[in-house]
Structures are given as structure tokens and as C-alpha cells.
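Reviewing the structure listed below.
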Amino acid sequence: MRIAVFLLLLVTPFGVGFAQHNVPELAAALTIVAVPEHPLIELGDEQQLLNFDFAVSNHGRSTWRLSEIEIETYDEYNKLVTRKTVNSNGLSPSVNIVSKALLSPGDAIDVFNPFYSFPVDSPIAKLQYCFRYNREDDATEAAANQHRVPLDFDTQVRVTVIPRHYSTKTDLILPMMGRVLVWEGHDFYAHHRRVPLQNPKVQQMGVRANSNRFAFDFEIVDKEGRMYHGDPYDKRNWYCYGEPVYAPGAGKVMTAENSIPDNWFEGRKVSHPDLPASADPKGLGNYVLIDHGDGEYSVLNHMLAGSVAVKTGDSVRRGQMIGRIGFAGDTIFPHLHFSLLSGPGISQDEGVPASFTKYRRLLGTKSVEVRRGTVDSGDFLVSEATYDKNKTERRDPTHITPVP
């Protein structure tokens, strides 16, 4: 599905009736664009979720402080539906929670979209954002800005975005059996969605898109919701460690890695094996990348060395065992990472929303059957899908010989 997005960039004084400084370099000083260029709407439980960022750049010579972000939503007839703001009013400026408020000359930063949830019946055919800034070049301006109301600003940038809903094309099932916790998904505060693409270190790593934008970290838990028993600094005590990983959908294996040794705990710190820089540059550990067709790709990370049961070019069935959960790669404890991507480039292609089929959401003493739906941080789930049970017996992970 092609998504149309229109970006309108305007940097202008607000107009008559509001105090402003005499700023000669307003024109083209600030630019703001949506990232990704084509934002997708994920349909959650009774809400529409918007997961995208803004790339903000200061090309001028002044320092600017973000004082307010406003959004107006419009229906398909271009009629105003709602208006919201997040601003610097109050004892703890709320925009500081969203992103860095101060933009120095030459800065390029990410502002994570603060308006991430709308009622399921609210039209959001067009989104009109307005970023408002105050100049802050010296201590006098800094002191004055602390007492300015949101209506009093020096410049603003408008960005118009037209999003579209996204529906998962692949018939996906959860890639794990048992009682599963979404330890971290892609809710507003999840680390998966907060990848600063404008950061020089991130760019040096070759990351050009957030493939984790709609990602999940899955854990297996006991009936009390615990992820481990005994000492958590012994990886073998984690309930998920060594458990089977299944193909979430049918497809063809694009890439598979099976030779990255596990991390280990030294005291309360995670230690990593000494590997060549080229061995695991993205921190995936042992992983499988599956092409499902229709422009969707699954990547499953942090598996156990020697356990990956498929190789590049293999065709896989939905529910086929493809490996076991380990402790390899960029991870702080054993778990399975899952992302659905829009392309095969793990650092080059954006993530897309993933809906799963045939599972139950556990709600204390109750549970709800879900034929098809989304999951996110904090959910407890049990899959009711069909898996390859001939290869699901639990093995002692220490008996799996790592590939040299």
C-alpha cells in the first residue's frame, strides 16, 4: 500500500497580537520533516496509534528553545476535528519529556511524536503540526523565556502529514509457546521506538531507518508472571532460555546466523564475547530473517548458537521451529526480539505494525480470545495456534554445542 504524505514547511512570525523579538534570520533557520516519510496508523484496542518522529535541524546562527507543539486533526473533508498542545507551561516543562528543548546552531535532533493515540472513531485524515520556538542566544533571553507564556513565541514551523492505516498482510502467529509476556513493545516510552536517527553515532552505525519501530521483546513467564527463578544472573534460570522459536509466518529464509556465542553475567553486569567488528555489527546475535512476500519480512534475534535450524534459502512453514532462545547479541538478558519490516534491510528499512492471530490475552482470572489483533508492552498472552510439536521438547541449553 502506497502512503501519501505531504510536508509543508513554513518558518514565519506568528502575526499581529503577540509579542516577538526582532529576529532577522527567521527564514529557513529551522526545518522539520516527518520520519518516516510515510507514517502508518496502527489500529490498537479502541485506539489509533501514531508511531513516527520528526527530524529537526537548525541551519541558522541562533539558539532556539521549543516552547510548544500543537496538533490539529482534520477529517477527509478538511474539517477541524480536534486541537491539542504540549507546552512549557508548568513546573516541569512537558516538552522536555518529548525531546531536547534547546536547539543550538547546527543541531539536528529527533522529536518523537507526542500525539500518539486517538480514539478509534476519531477522523485523522490530516494532521497539522505546529512547532513554536523562542530565541535563546544569551542569559538575558534564557531568563526571559522562563516567564513567557506559550502564546508569546518568536517563530513557528508548520508540518502537515497525511497518514494511512496499515493492515498486516502476513497471517502471523506468536513465535513462542507457553505463557508469554511482552516485556517491551513499542508503546510511547518503549526503547524500540526511540531510535535517534539524527544522532551521529547512530548514523555511523549505518542505521538509516527504525526497523524496530513496531518491535517486541518476548519473555516466557510462570503463572505468577515471573521471568526467572532463583538467581537472575544465571541465564539458565530464565524460563525462556533454550525454549523453541517458531516461524511466525510462512516464507523463505533470507539470512540466518548461528555462530555468535552467548553473553554471560559477571556479577551483575553483562559481558560480551570478544568478536571481530564484522561478526555481529548490528547486535542481533543469532537470528533468522524471513521473507513472507507482499513486502513484509520478519526478523527474530538473540537465539542460541548452534540452535538455529534453518539456513539461507530454506522455505519455512508457519509454526515451524527455527531455533531456540539464547543470550547473544545486544541484549541485557535472555529474550526473543521480533520485528516485522517493510524490506530486507535491517538497518535500512522501517518497521511496520504486526497483527497476530489465534491467541488469548490473559487478564488476571479472565482471558479474552483474539482471532486477530495487536499486542504491546505489558501484555500476557497464550498462543492457540498450531506449531511443529515434533521438535518442541525442552533441551538443556548447555548441551547445545556452539558453532565455532
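The values are calculated or read from the model by the stated rules, or taken from the named source; none is laboratory data. Being a predicted model, the structure only gives us computed values, none of them experimental. In this analysis, Cβ positions are derived from the backbone assuming ideal geometry, glycine residues included, and neighbour counts consider all displayed protein chains.
Number of residues in region 325-369 that are part of a strand (DSSP E or B) and either touching a helix residue (DSSP H, G or I) at 6+ places or on another chain (Cβ under 6 Å) or over 28 Å from Tyr241 (Cβ atoms) (or both): the value is 3. Could you go through region 205-216 and let me know if any residue there is more than 18 Å from the chain's Cα centre (by Cα) and polar (S, T, N, Q). No, that holds for no residue.
For region 306-319, the set of residues classified as assigned to a loop (DSSP other than H, G, I, E, B) and closer than 18 Å to Pro175 by Cα consists of Ser307, Val308, Ala309, Val310, Lys311, Asp314, Arg317, Arg318, Gly319, listed by residue number.
Considering only region 142-160, I want to know if a residue exists there that is within 19 Å of Ala215 (Cα to Cα) and surrounded by fewer than 19 Cβ atoms within 10 Å (Cβ to Cβ). Within region 142-160, not a single residue is within 19 Å of Ala215 (Cα to Cα) and surrounded by fewer than 19 Cβ atoms within 10 Å (Cβ to Cβ).
Conditions (1) closer than 20 Å to Thr170 by Cβ; (2) surrounded by fewer than 16 Cβ atoms within 10 Å (Cβ to Cβ); (3) touching a residue at least 60 places away in the same chain (Cβ under 8 Å); (4) among the hydroxyl-bearing types (Ser, Thr, Tyr), marked per residue:
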site	(1), (2), (3), (4)
Arg268	no, yes, no, no
Ser271	no, yes, no, yes
Gly285	no, no, no, no
His292	yes, no, yes, no
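Is one or more of the residues making up region 172-192 charged (D, E, K, R), closer than 24 Å to Lys269 by Cα and at pLDDT 95 or above? Taking every residue of region 172-192 in turn, at least one turns out to be charged (D, E, K, R), closer than 24 Å to Lys269 by Cα and at pLDDT 95 or above. Being modelled with pLDDT of 95 or more and within 19 Å of the chain's Cα centre (by Cα) holds for only one residue in Asp376, Asp314, and it is Asp376. From the list Ala27, Ala19, Ala101, Ala4, pick out the single residue that is buried (at least 17 other Cβ atoms within 10 Å of the Cβ) and modelled with pLDDT under 95. Going through Ala27, Ala19, Ala101, Ala4 in turn, the sole match is Ala101. When the residues of region 83-138 are narrowed to those that are in a strand (DSSP E or B) and free of Cβ contacts under 8 Å to residues at least 40 places away in the same chain, which ends up farthest from Gln198 (Cα to Cα)? Checking each candidate, the answer is Arg83.
For Tyr228, the criteria (1) closer than 26 Å to Asp376 by Cα; (2) of a type outside the set (D, E, K, R); (3) surrounded by 22 or more Cβ atoms within 10 Å (Cβ to Cβ) hold in every case but one, which is (3). When each of Leu174, Leu151, Leu197 is tested for being assigned to a loop (DSSP other than H, G, I, E, B) and touching a helix residue (DSSP H, G or I) at 6+ places or on another chain (Cβ under 8 Å), the lone residue that passes is Leu197.
The rows are residues; the columns are (1) under 30 Å from Pro353 (Cβ atoms); (2) of a type outside the set (Asp, Glu); (3) not in a helix (DSSP H, G or I).
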{"residue": "Asp231", "(1), (2), (3)": "no, no, yes"}
{"residue": "Arg236", "(1), (2), (3)": "no, yes, no"}
{"residue": "Cys240", "(1), (2), (3)": "yes, yes, yes"}
{"residue": "Pro248", "(1), (2), (3)": "yes, yes, yes"}
{"residue": "Lys252", "(1), (2), (3)": "yes, yes, yes"}
{"residue": "Asn258", "(1), (2), (3)": "yes, yes, yes"}
{"residue": "Asp262", "(1), (2), (3)": "no, no, yes"}
{"residue": "Pro273", "(1), (2), (3)": "no, yes, yes"}
{"residue": "Pro276", "(1), (2), (3)": "no, yes, yes"}
